[in-house]
1. Considering only region 176-190, I want to know if a residue exists there that is within 29 Å of LEU353 (Cα to Cα), touching a Phe, Trp or Tyr at 6+ places or on another chain (Cβ under 6 Å) and either buried (at least 24 other Cβ atoms within 10 Å of the Cβ) or hydroxyl-bearing (Ser, Thr, Tyr) (or both).
2. Looking at region 342-355, is at least one residue in contact with a strand residue (DSSP E or B) (Cβ under 7 Å, 6 or more places away or on another chain), surrounded by fewer than 17 Cβ atoms within 10 Å (Cβ to Cβ) and either modelled with pLDDT under 95 or farther than 28 Å from GLU157 by Cβ (or both)?
3. Evaluate the following for VAL243: is it touching a helix residue (DSSP H, G or I) at 6+ places or on another chain (Cβ under 7 Å), under 27 Å from GLY335 (Cβ atoms) and either open to solvent by 10 Å² or more (accessible area, probe 1.4 Å) or free of Cβ contacts under 8 Å to residues at least 12 places away in the same chain (or both)?
4. Do you know which residues across region 92-132 are open to solvent by 50 Å² or more (accessible area, probe 1.4 Å) and either more than 24 Å from ASN348 (Cα to Cα) or in contact with a Leu (Cβ under 7 Å, 6 or more places away or on another chain) (or both)?
5. Can you tell me which residues in region 311-323 are open to solvent by 20 Å² or more (accessible area, probe 1.4 Å), touching a helix residue (DSSP H, G or I) at 6+ places or on another chain (Cβ under 8 Å), free of Cβ contacts under 8 Å to residues at least 40 places away in the same chain and of a type outside the set (Gly, Ala, Ser)?
6. Which residues, taken from region 59-74, are open to solvent by 50 Å² or more (accessible area, probe 1.4 Å) and part of a helix (DSSP H, G or I)?
7. Failed condition for TRP219, given (1) open to solvent by less than 40 Å² (accessible area, probe 1.4 Å); (2) over 20 Å from the mean Cα position of the chain (by Cα); (3) among the aromatic types (Phe, Trp, Tyr), with all others met?
8. Give me the residue from region 14-44 that is out of contact with any Leu (no Cβ under 9 Å at 6 or more places or on another chain), of a type in the set (Val, Ile, Thr) and in a helix (DSSP H, G or I) and, out of that set, surrounded by the most Cβ atoms within 10 Å (Cβ to Cβ).
Amino acid sequence: MNMGSIKLQSILDNDFYKLTMQHAVIKLFPNAKVRYAFINRGKHLFPPNFAILLREAVDAMVYLKLTVEEKKFLADNCPYLDPTYLDFLQGYQYDPTEVTIEQEGSELKVTIEGYWYRTILWEVPLMALISELFYASQNLIRISDDEVKRITKEKIEKYNDLGVVILEFGTRRRHSYKVQSLVNETLNAFGTSSFLGTSNVHLAMLQNRKPSGTHAHEWFMYHASQYGFKVANAISLENWTKVYEGDLGIALTDTYTTAVFFEQFNKKYSKLFDGVRHDSGDPIEFAKKTIAHYEQMGIDPKSKIIVFSDSLNFDKVKVIADYCRGKIKMSFGIGTNFSNDVGLPAMNMVIKLTDTKPENSHWEGAVKLSDEKNKHTGTPKMIDLAKQVLGIE
């Protein structure tokens, strides 16, 4: 394969929550700076010269520009994004100097640094490029296009029969742009009763669907750095509602454990937000806690929704759906199981916020305390501090 052909097709080839967070960051934190780092959870071994291939693909991103057609799509489908933001995005240009790429033997090191409002767009396309280049650079052969479509059709028909709502969330760890495109075409064709759309803005536009997404862990992690761990969840939610006034109302719960989140998810936020997203820990236990929380607030859980998004496949979805049906609304964001089920081992990697520098302040390590301890990120010292402040064992 010609590695030079592996380039992003569009500036919108990204997850929607990156745009919604960028919009909010520009409004509220235009002077904040951040750092991100690539974390190779799967201990993947990268072939010689991989860093050079990735560098070439990253450098080519400088030429991506928002087209008039893409801008119109966002204006028509996302009215909560200000015209000033759409003008900004039309003038936005990736700056490859914000990304450092190094390789030592088979180990890859990637870091990002710069203004938060600019660097926020790197994470998802960088991971998509790392994944696609990983397979292509080793000539690892996937199943055929027809097989990709057949497998996807079988999956979505099972979800149709199960009577659940499915979203495609697979950009960051996709096998390739081609595979994710084939998957979405198939979902769109056969997911009549269950497929709601994709988080990939570019592919949503090709399907003429609204893109899906709200915010990610980094939104809460930054607020913890600026305002303190104790109030991070509450101020994160307050600032989100300042910008979106009830739109994009799915709250992410597990940046500092779900237990801590629900302590601060008071009646105001519980009523204002349409629901919550589950991203780590036992999904049934999470559903029980969420239902109990709404009942305690005097809110009918059946009026709210949980978006499940943690490493899902059909078997997991069925167990969750069987439990939640009749108790609370639900939808399922499925990533790698759609976008990288091609007969090769899927990659296990993340790019996480590591440090923040709020305006008129110093650099400080960022922390995430997932509901699964092996997903905690941050330095041991900062993790211990966060646990101490939040009363987490």
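The values are calculated or read from the model by the stated rules, or taken from the named source; none is laboratory data. Everything quoted here is computed from the prediction, not taken from an experiment. Don't worry about glycine lacking a Cβ; one is built from the backbone with ideal geometry, like all the others, and counts go over all protein chains shown. Keep in mind that these areas ignore ligands, DNA and RNA; they rest on the heavy atoms of the full protein, side chains included. Shrake-Rupley method; radii C 1.70, N 1.55, O 1.52, S 1.80 Å.
1. no
2. Within region 342-355, not a single residue is in contact with a strand residue (DSSP E or B) (Cβ under 7 Å, 6 or more places away or on another chain), surrounded by fewer than 17 Cβ atoms within 10 Å (Cβ to Cβ) and either modelled with pLDDT under 95 or farther than 28 Å from GLU157 by Cβ (or both).
3. yes
4. Step one: of region 92-132, the residues open to solvent by 50 Å² or more (accessible area, probe 1.4 Å) are 93, 95, 97, 100, 102-105, 107, 109, 113, 115, 117.
GLN93, ASP95, THR97, TYR115, TYR117 - these are the residues of region 92-132 that are open to solvent by 50 Å² or more (accessible area, probe 1.4 Å) and either more than 24 Å from ASN348 (Cα to Cα) or in contact with a Leu (Cβ under 7 Å, 6 or more places away or on another chain) (or both).
5. ASN313, LYS316, VAL319, TYR323
6. Taking region 59-74 as the starting set, the residues that turn out to be open to solvent by 50 Å² or more (accessible area, probe 1.4 Å) are 59, 63, 65, 67-69, 72.
If the condition is that a residue be open to solvent by 50 Å² or more (accessible area, probe 1.4 Å) and part of a helix (DSSP H, G or I), then ASP59, TYR63, VAL68, GLU69, LYS72 are the ones that fit.
7. Among (1) open to solvent by less than 40 Å² (accessible area, probe 1.4 Å); (2) over 20 Å from the mean Cα position of the chain (by Cα); (3) among the aromatic types (Phe, Trp, Tyr), the lone unmet condition for TRP219 is (2).
8. VAL25
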